[in-house]
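The values are calculated or read from the model by the stated rules, or taken from the named source; none is laboratory data. Quick caveat, the model's predicted, so the values are computed rather than measured. Quick reminder, even Gly has a Cβ in these numbers, built from the backbone with ideal geometry, and neighbours come from all protein chains shown. Ligands, DNA and RNA are stripped out before the accessible areas are found, and what is left, the full protein with its side chains, is counted by its heavy atoms. Shrake-Rupley method; radii C 1.70, N 1.55, O 1.52, S 1.80 Å.
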Amino acid sequence: MPTMTVRIDEETSMRLEQLASATERSKSWILQKALSDYLDLNAWQVAEIEAGIREADAGDFVEHDDLKRKWEEKLADTMDQERNP
């Protein structure tokens, strides 16, 4: 497994130390998990943005006025349900 050196501030180091102790995990395990989760989340987000751009470029999108009308109707329905349970 490759090794990496990372500089972190003192507070982050103390928090990492406390979490490792409380969870009985190594600091390396916690950092590996945190980095993996971060990369997964951001890879998903980038993929979704790229898919949205492709859809928009292909003309596959909802007009602003249509979307606004949909959400206004949804809000009105929700308010009606709250007033008349």
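Observations on the model:
- The set of residues in the range 32-85 being small (Gly, Ala, Ser), part of a helix (DSSP H, G or I) and more than 30 Å from residue 1 (Cα to Cα) consists of 51, 52, 56, 76.
- Checked against the criterion of being over 22 Å from the mean Cα position of the chain (by Cα) and either surrounded by fewer than 11 Cβ atoms within 10 Å (Cβ to Cβ) or not charged (D, E, K, R) (or both), the range 33-53 has no qualifying residue.
- Residue within the range 13-29 that is among the polar types (S, T, N, Q), open to solvent by 100 Å² or more (accessible area, probe 1.4 Å), assigned to a helix (DSSP H, G or I) and on the phi < 0 side of the Ramachandran plot present: yes
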